[in-house]
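What follows is a set of notes on a single structure, which appears directly below.
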Amino acid sequence: MMREVAKGVRVHESEFIESNAVAVQGEAGVLLVDAGITDREMIAIADDLRALGGPVVAGFSTHPHWDHLLWHATLGEAPRYGTARCAAAIEAFLSDANWRDLVTEDLPPEIEVPLDLLGQIDGLPAGAVRIPWNGPEVRIIEHRAHAAGHAALFVEECGVLVAGDMLSDVLIPMLDLSGAGDPIEEYLAGLRLLEDVAGDVDVVIPGHGSVGGAAQLRERIERDRAYVLALGRGDTPSDPRIGRSAKPGWEWVTDVHEGQVQGLAEMTERDGRSE
């Protein structure tokens with residue numbers, strides 16, 4: 001189930017939108033990042049990790065979207081972390097009495113998702129820059145691209161960048177259009193932070209899509225930047241992830257793109273009226 005992509009770092013790709021769960025080996029067990037999607041997968045991940053490197057001793061969610069906040073009882077009761085903003089956002093989401101319906105309404109019926117432990121994370125202190133665990137140093141790179149409280153993780157001694165929902169070969173940059181800031185500039189700022197560590201990265205793991213090497217990391221940063229800049233100018237992006245060149249099964253990403261175009265136009269109109 002889990003394949004090693006760097007020394008001490010393993011990845012499992014879900015059957016659901018190619019979501020990646022990442023395990024980093026520590027002295028007494030593993031740090032599990034974005035634990036997975038389905039019941040069956042997470043049970044298998046727990047079994048694999050016990051056989052390969054010991055129990056899960058810590059968890060981390062890269063951002064406050066439900067598919068990165070799941071957990072299963074078989075993974076154990078290790079502390080689960082996120083940034084302070086991530087924890088606050090998911091707490092607000094779970095306060096909605098209809099949150100389960102919001103998660104499941106768009107799921108295909110064959111995907112069984114365990115919801116009982118969703119979002120039960122502890123927010124790290126604001127400005128925290130390291131995961132508190134007994135293992136390799138894992139640097140937290142927090143930004144506001146894609147979602148408030150989003151964080152990439154950089155496992156320095158392994159040269160691995162866990163990018164969260166950025167730097168995908170199948171998903172376009174998905175902007176946070178719900179916040180009060182400038183979603184274009186926030187995304188570009190997030191890309192600059194990832195670019196700052198790119199020279200030390202050998203492996204990049206996106207939240208969805210294929211794992212890449214150092215060359216793919218640079219290419220993905222430039223592709224994502226070009227897409228976001230085109231959106232900001234009001235141009236039609238030339239991007240292989242949308243339109244006829246989209247990967248089979250990922251044609252719906254074009255709908256996401258069109259939704260973002262509309263959302264940005266509405267923000268511009270709204271801001272113009274408020275001046």
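The values are calculated or read from the model by the stated rules, or taken from the named source; none is laboratory data. All values reported here derive from a predicted model rather than from experimental measurement. Every residue, glycine as well, gets a Cβ built from its backbone with ideal geometry; the counts of neighbours run over all protein chains shown. With ligands, DNA and RNA removed, areas are computed over all heavy atoms of the protein, side chains included. Shrake-Rupley method; radii C 1.70, N 1.55, O 1.52, S 1.80 Å.
Things to note:
- For the stretch 213-275 versus the stretch 191-212, the inter-centroid distance based on Cα atoms is 19 Å.
- When both bridge partners sit in the chain, DSSP labels roughly 70% of those beta bridges antiparallel.
- The stretch 157-228: relative contact order in percent, alpha carbon pairs under 8 Å with at least 6 residues between: 46
- If you model the stretch 68-111 as an ellipsoid using its alpha carbon gyration tensor, with each semi-axis the square root of five times an eigenvalue, the axes come out at 21, 17, 9 Å, biggest first.
- Taking the empirical scaling 2.2 N^0.38 Å for compact globular proteins as reference, the stretch 215-274 has a Cα radius of gyration ratio of 1.29.
- Of the solvent-accessible surface of the chain, computed with a 1.4 Å probe and all protein chains present, 49% belongs to carbon and sulfur.
- The mean sequence separation of alpha-carbon pairs under 8 Å and at least six residues apart, normalised by the residue count of the stretch 88-177, gives a relative contact order of 17 percent.
- A compact globular protein would have a Cα radius of gyration near 2.2 N^0.38 Å; the ratio found for the stretch 67-194 is 1.12.
- Rounded to the nearest 10 degrees, the inclination of helix 183-197 to the longest alpha-carbon principal axis of the chain is 40 degrees.
- Å³ per residue enclosed by the Cα convex hull of the stretch 177-227: 85
- Rounded to 5, percent antiparallel among DSSP beta bridges of the stretch 1-76: 75
- Taking the convex hull of Cα positions in the stretch 23-77, its mean projected area over all directions (nm²): 3.4
- Net charge contributed by nearby residues that have their C-beta within less than 15 Å of Glu18 (K/R +1, D/E -1): -4
- Kirkwood hydrodynamic radius of the stretch 158-275, Cα pairs, Å: 15.0
- The residue list Trp99, His65, Gly127 was ranked by how far each Cα lies along the charge dipole of the stretch 44-156 toward its positive end, using unit charges on Cβ atoms, and Gly127 comes out on top.
- Computed over the chain: relative contact order in percent, which uses C-alpha pairs under 8 Å that are six or more apart: 14
- Nearest-10 value in Å² for the accessible area of Glu112, using the 1.4 Å probe: 120
- Hydrodynamic radius of the stretch 104-173 by the Kirkwood approach over all distinct alpha-carbon pairs: 14.8 Å.
- 0 to 90° range, to nearest 10: angle between helix 39-52 axis and the chain longest Cα axis: 50
- Cα-only radius of gyration and Dmax that characterise the chain, units Å: 18.1, 61
- Hull volume per residue, based on the alpha-carbon atoms of the stretch 1-154 and their convex hull, is 105 Å³.
- Bridge type composition, the stretch 43-195 - antiparallel percent by DSSP, nearest 5: 70
- Angle between the chain longest axis and helix 84-94 axis [Cα atoms, degrees, rounded to 10]: 80
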